[in-house]
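Have a look at the structure below, then the notes.
The values are calculated or read from the model by the stated rules, or taken from the named source; none is laboratory data. Nothing here was measured: the structure is a model prediction, and the numbers come from that model. Reconstructed Cβ throughout: ideal geometry from the backbone, glycine too, with neighbour counts over all protein chains shown.
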């Protein structure tokens, strides 16, 4: 029996429950408007380690442990782990999970990784292969700057379109049985390339992929934007967010006042000097695992469409003048299972 509806959406026959979540962030994120939602805010950007890369692994491991503790399970009770980050060869995740002793999938979807990990984890549960998995994702400002741009000591001036990579991690545990919130629909994205080559204009590069995936989700499910209490893209920032709205407006479609973006939510752009907003796969992961899921638990929203976006580039491809392909994966979260 196929679970595919339309061109690229899957309706889950046995929607898994998000049983718990955890979010760990750095000091700058803890000074933003969502500070009261995070489980832990570190005042030490090194997280007690001697390098930025080790700091990211320590942060991700702490987030994972917190999530297991909140679920009152041992890590060994998990059957699969889906994890990713922005570092070369996903070493942030691999080193964080190397002693856990649970089958592990290392993922790279850039800033869309939280959507990718939830998608694959949900499919594994819905398919009957496992009953309990963890999806966990991180990014770190300093490790990302060193890899993608310049050493921090360089002190280069940032362009107005640039975004601030979030130091943060988010984790969720998905389970086959539970009372919700449920993962009900999945719309994996296709790679979209708008031809943009400016690595400091990621919002514009990723916006077309968000548009294409959201458009596919609405067409496949027959739902309109007004079906959801919240539509939240991931890490487009202010410029990308506005671009997506404009693209839908040209189609005669309004995303409505409930459309927002994780890169817009996590910082106060006026007070924190982050230019176009937040980015990094830890941005959507930490916002989803804290602010969004708590809002669902408190009854603020009952139907959320979570659609993190990612730029599928590398320092080498950028230096060679390649354009920036992008991806967006949409996940529908609902407090009741639809008919």
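Failed condition for residue 104, given (1) without any contact (Cβ under 8 Å) to a residue 40 or more places away in the chain; (2) more than 16 Å from the chain's Cα centre (by Cα); (3) under 16 Å from residue 280 (Cα atoms), with all others met?
Of the numbered conditions (1) without any contact (Cβ under 8 Å) to a residue 40 or more places away in the chain; (2) more than 16 Å from the chain's Cα centre (by Cα); (3) under 16 Å from residue 280 (Cα atoms), the odd one out for residue 104 is (3).
Mind checking which residues of the stretch 205-227 are under 14 Å from residue 246 (Cβ atoms) and surrounded by fewer than 20 Cβ atoms within 10 Å (Cβ to Cβ)?
If the condition is that a residue be under 14 Å from residue 246 (Cβ atoms) and surrounded by fewer than 20 Cβ atoms within 10 Å (Cβ to Cβ), then 215 is the only one that fits.
Among (1) surrounded by 21 or more Cβ atoms within 10 Å (Cβ to Cβ); (2) in contact with a strand residue (DSSP E or B) (Cβ under 8 Å, 6 or more places away or on another chain), there is one condition residue 245 misses while meeting the rest; what is its number?
Failed condition: (1).
Results for (1) touching a residue at least 60 places away in the same chain (Cβ under 8 Å); (2) in contact with a helix residue (DSSP H, G or I) (Cβ under 6 Å, 6 or more places away or on another chain), shown as yes or no for each residue.
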residue	(1), (2)
176	yes, yes
180	yes, no
195	yes, no
205	yes, no
209	yes, no
214	yes, no
218	no, no
222	no, no
233	yes, yes
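Determine which single condition residue 287 fails, assuming it passes every other condition in (1) surrounded by fewer than 21 Cβ atoms within 10 Å (Cβ to Cβ); (2) in contact (Cβ under 8 Å) with a residue 40 or more places away in the chain; (3) touching a helix residue (DSSP H, G or I) at 6+ places or on another chain (Cβ under 8 Å); (4) in a helix (DSSP H, G or I).
With respect to (1) surrounded by fewer than 21 Cβ atoms within 10 Å (Cβ to Cβ); (2) in contact (Cβ under 8 Å) with a residue 40 or more places away in the chain; (3) touching a helix residue (DSSP H, G or I) at 6+ places or on another chain (Cβ under 8 Å); (4) in a helix (DSSP H, G or I), residue 287 is out only on (1).
Within the stretch 265-273, is there a residue that is free of Cβ contacts under 8 Å to residues at least 60 places away in the same chain, over 15 Å from residue 86 (Cα atoms) and not in a helix (DSSP H, G or I)?
Yes, there is a match, as at least one residue in the stretch 265-273 is free of Cβ contacts under 8 Å to residues at least 60 places away in the same chain, over 15 Å from residue 86 (Cα atoms) and not in a helix (DSSP H, G or I).
For every residue, the table says whether it meets (1) modelled with pLDDT under 95; (2) within 24 Å of residue 232 (Cα to Cα); (3) in a strand (DSSP E or B).
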{"residue": "114", "(1), (2), (3)": "no, yes, no"}
{"residue": "118", "(1), (2), (3)": "no, yes, no"}
{"residue": "128", "(1), (2), (3)": "no, no, no"}
{"residue": "135", "(1), (2), (3)": "no, yes, yes"}
{"residue": "147", "(1), (2), (3)": "yes, no, no"}
{"residue": "150", "(1), (2), (3)": "yes, no, no"}
{"residue": "159", "(1), (2), (3)": "yes, no, no"}
{"residue": "170", "(1), (2), (3)": "no, yes, yes"}
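Applying the selection to the stretch 95-112, what residues are within 20 Å of residue 310 (Cα to Cα) and either assigned by TED's automatic domain parsing to the domain that holds residue 315 or assigned to a helix (DSSP H, G or I) (or both)?
Those that are within 20 Å of residue 310 (Cα to Cα) and either assigned by TED's automatic domain parsing to the domain that holds residue 315 or assigned to a helix (DSSP H, G or I) (or both): 110, 111, 112.
Quick test for you: out of 293, 255, 312, pick the one residue that is touching a helix residue (DSSP H, G or I) at 6+ places or on another chain (Cβ under 7 Å), closer than 23 Å to residue 113 by Cβ and either in contact (Cβ under 8 Å) with a residue 40 or more places away in the chain or not assigned by TED's automatic domain parsing to the domain that holds residue 8 (or both).
312
Going by the structure shown, is residue 78 crowded, with 21+ Cβ neighbours inside 10 Å, touching a strand residue (DSSP E or B) at 6+ places or on another chain (Cβ under 6 Å) and farther than 21 Å from residue 283 by Cα?
yes
If I ask for residues that are in a helix (DSSP H, G or I) and within 21 Å of residue 108 (Cβ to Cβ), which ones from the stretch 182-234 would you list?
202, 203, 205, 206, 207, 208, 209, 210, 212, 213
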